[in-house]
Amino acid sequence: LGDLVLRSDCEASNPDCTWTYRNGLFISDRNSSLAINALNGARHGVHLKLHSACESSNPDCTWTKK
């Protein structure tokens with residue numbers, strides 16, 4: 001697990017700052033084994049982590065784009 005940190009100095013050319021959305025998961029462009037996970041359940045104010053065991057069947061790892 002690793003912390004997800006939002007930064008204002010990210011560039012689109014930096015894969016540490018970009019993500020691919022696939023099957024409901026936001027997957028790191030730097031390391032495709034990492035996806036965004038809502039630690040201890042998706043709810044308002046939860047801390048987001050990077051996790052290597054996310055699957056599209058896990059609701060704590062899946063997101064809906066609107």
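The values are calculated or read from the model by the stated rules, or taken from the named source; none is laboratory data. Please read all numbers here as calculations on a predicted model, not as lab measurements. So basically every Cβ, Gly included, is an ideal-geometry build from the backbone, and we count neighbours across all protein chains shown. Note: areas computed on protein heavy atoms with side chains; ligands, DNA, RNA excluded. Shrake-Rupley method; radii C 1.70, N 1.55, O 1.52, S 1.80 Å.
Cβ-Cβ contacts under 9 Å between residues 6 or more apart (or on different chains), taken from a first residue in the range 1-15 that is in contact (Cβ under 8 Å) with a residue 24 or more places away in the chain to a second residue that is open to solvent by 90 Å² or more (accessible area, probe 1.4 Å), are listed as 3/47; 4/47. Among the residues in the range 36-43, are any over 14 Å from residue 59 (Cα atoms) and either in contact with a strand residue (DSSP E or B) (Cβ under 6 Å, 6 or more places away or on another chain) or not small (Gly, Ala, Ser) (or both)? Taking every residue of the range 36-43 in turn, none turns out to be over 14 Å from residue 59 (Cα atoms) and either in contact with a strand residue (DSSP E or B) (Cβ under 6 Å, 6 or more places away or on another chain) or not small (Gly, Ala, Ser) (or both).
Return the total of residues in the range 39-53 being more than 14 Å from residue 25 (Cα to Cα), surrounded by 10 or more Cβ atoms within 10 Å (Cβ to Cβ) and either in contact (Cβ under 8 Å) with a residue 12 or more places away in the chain or of a type in the set (S, T, N, Q) (or both). So the answer is 3. Among the residues of the range 22-56, those identified as of a type in the set (S, T, N, Q) and outside any loop (DSSP other than H, G, I, E, B) are 28, 37.
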